[in-house]
Amino acid sequence: MKSYIILFSLFILSVLTFQSCSDTKASSPDSNPSTPPRTVKVMPAQSIQYREAVKASGQLALAEEARLSFKTGGVIRKIHVREGQQVRAGQLLAEIETDEISARAQQAELGKAQGAISVENARLALQLAERDYRNAKGLYTDSVATLEQLENAEVQLDNARNQLKLAERAQSIQAQQEEVANYNLRHAKILAPADGTILKKMAEPNEVTNPGTPVLLFGSHSKAFVLRVSVTDKDVVHLNLGDPATVVFDAYPGRTFSGSIREIAGMADPYTGTFEVEVEVKPEAVALRSGFIGRVSIQSSEAIPLISIPTDALKVADGQAGIVFTAVGNQARQQKVDIYKLQGDQLLLRSGVNAGDQVITSGLGFLQDGTPIIIE
């Protein structure tokens, strides 16, 4: 009986002790923790129409450059110009020795004259054959000439006609040969095709040049200067003919030139994999020269709708994916965003937040989805 009373007393004591501990835990502030609100700053997300800016560098050149050469090979007699010289359309630039070409032209002229004589003789022979045939036919009608004599006269007439056709054909060929010879004689000189500049001399007097071998590099003033640059496939898709551009040259530091795209290559260079773009540079009151190195920034005419937020709003990023927080009421809400690119202190997004959303820009390290916030 005494043991039973002791056990019952211990049970009551343990119950009271457990209840006391439970009451103590319930009254402890850590038993039901509440996250204190975080003070943050916010900025509104903005909708923008973004235009890609493609940057590249290249070499300045005249839009129309020609490698001038002689039609016929020979010894260069004289080059009348120097590199960098300004020339006028039709001005004599260079010439070769013409003795051999002149001789060929004279032979062609003589052949043409002989051809004319051959045609005239063939016409006379045809007239005689026609007369003999008429006489033979009349005599045969009068039974004076035989059928054989008539047939012989007819054969002679056909032969005379064929000889005339052959002589006329030969005369036409000889006339063409004379035209070729005179053409070669005329092109024994190089004349300026337009007003322009001699960019480079590629040969010297007394050298033997072959037909079509460049002697002078000529740049026409009838066309503007162009800056030829190479861009990647990732950039070329943003460019169109007429897109505006700004150009700077090392030769004129601090000065900006305006221009626009005049040509875009239809295929990539097989060696570099890049596309050549020609930017026409508008003339200014300064001297530009072929060979200047220029840097160009081309503004794409295609607008891309994007969302712009401060870079401070980005908590983490992995490639093009990122995490930002927006203020919704008095809570921070986590948002996954698709990053287009970083531009200065702005982050350009394809999606994830909308224009006008309040993006949190400070205190990100303490935020989780649903964290209470106080906006400064």
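In debye, nearest 20, what is the charge dipole magnitude of segment 162-306 about its Cα centre with +1 on Lys and Arg Cβ and -1 on Asp and Glu Cβ, if you could check?
With Lys and Arg at +1 and Asp and Glu at -1, about 360 debye.
Kindly rank 114-124, 288-298 from highest to lowest mean number of other beta carbons found within 10 Å of each residue.
Those peptides, ordered most packed to least, come out 288-298, 114-124.
Over all alpha-carbon pairs of segment 30-90, lay out the pair-distance distribution in 10 Å bins, whole %, shortest bin first.
Taking all Cα pairs of segment 30-90, the binned fractions are 9, 20, 14, 10, 10, 8, 8, 7, 6, 5, 2 percent.
Which of the aspartates and glutamates could a cross-linker span from Lys78 if the Cα-Cα distance has to be under 16 Å and same-chain partners fewer than 8 positions apart are dropped?
Excluding near neighbours in sequence, the set is Glu95, Glu97, Asp99, Glu204, Glu207.
How large, in Å, is segment 202-276 by the Kirkwood hydrodynamic radius built from its alpha-carbon pairs?
About 16.0 Å, per the Kirkwood formula over Cα pairs.
Place +1 on the Cβ of every Lys and Arg and -1 on the Cβ of every Asp and Glu in the chain, take the dipole about the Cα centre, and give the residue among Met202, Tyr133, Ala153 whose Cα lies farthest towards its positive end.
The one lying farthest along the dipole's positive direction is Met202.
Need the list of lysines near Lys71 for cross-linking: C-alpha distance under 27 angstrom, and skip anything on the same chain fewer than eight residues off.
Lys112, Lys189, Lys200, Lys201, Lys223
Quickly rank 328-341, 181-194 as a protection proxy: mean count of other C-beta atoms within 10 Å, highest first.
Packing order, densest peptide first, comes out as 181-194, 328-341.
To the nearest 20 debye, what charge dipole does segment 144-246 have about its Cα centre, counting +1 at the Cβ of each Lys and Arg and -1 at the Cβ of each Asp and Glu?
My answer is approximately 680 debye.
Once you've got the GNM for the chain with C-alpha springs shorter than 10 Å, pick whichever of Ser220, Ser362, Ser258 has the biggest mean-square fluctuation.
Its mean-square fluctuation being the largest, the pick is Ser362.
Going toward the positive end of the dipole of the chain, with +1 on Lys and Arg Cβ and -1 on Asp and Glu Cβ, which of Leu342, Gly74, Leu93 do you reach last?
It is Leu342.
Rounding to the nearest 10 and keeping the result within 0 to 90°, find how far the Cα-based axis of helix 99-141 lies from the longest principal axis of the chain.
Approximately 50 degrees, to the nearest ten.
Once both axes come from the Cα atoms, what is the angle between helix 147-186 and the longest principal axis of the chain, in degrees from 0 to 90, rounded to 10?
The two axes meet at around 50 degrees.
State, as an integer percentage, the relative contact order of the chain based on alpha-carbon contacts under 8 Å between residues 6 or more apart.
27
In whole angstrom, how far apart do the alpha carbon centroids of segment 306-376 and segment 165-227 sit?
Value for the Cα centre distance between the two parts: 69 Å.
Given the DSSP H assignment, sum -39500 (n - 2.57) over each helix run of at least 4 residues in the chain and divide by its residue total; what's the result at 222 nm in deg cm²/dmol, nearest 500?
The per-residue figure over the chain is -11000 deg cm²/dmol.
Taking the Cα centre of the chain as the origin and placing charges on Cβ (Lys, Arg +1; Asp, Glu -1), which of Ile264, Tyr252, Leu241 is farthest toward the positive end of the dipole?
It is Tyr252.
What number, in percent, do you get for the relative contact order of segment 233-376 if the mean sequence gap of Cα pairs under 8 Å and at least 6 apart is divided by its residue count?
The normalised contact order for segment 233-376 reaches 19 percent.
With charges only on Cβ, +1 for K and R and -1 for D and E, what is the dipole size of the chain about its Cα centre, in debye, rounded to 20?
Taking the Cα centre of the chain as origin, the dipole is about 1200 debye.
Using only the Cα atoms of segment 76-229, what do you get for the radius of gyration and for Dmax, in Å?
Radius of gyration, then largest Cα-Cα span, for segment 76-229: 28.5, 93 Å.
On the Cα set of segment 146-255, report Rg and Dmax in Å, please.
Spelled out, the Cα radius of gyration and Dmax of segment 146-255 are 31.0, 106 Å.
Taking every Cα atom in the chain, find the radius of gyration and the maximum pairwise distance Dmax, and write them in Å.
47.5, 186
Give the lysines whose C-alpha is closer than 17 Å to that of Lys341, dropping any in the same chain fewer than 8 places away, or say none.
Counting by Cα, and skipping residues close in sequence, Lys341 has these lysines nearby: Lys55, Lys234, Lys315.
On a 0 to 90 degree scale, rounded to 10, what angle separates helix 2-27 from the longest Cα axis of the chain?
50
Bear in mind that the values in this text are calculations on the coordinates, not laboratory data. Bear in mind the structure is a predicted one, so any value in this text is a computation, not a measurement. Counting neighbours? That spans all protein chains shown, and the Cβs are built from the backbone with ideal geometry, glycine included.
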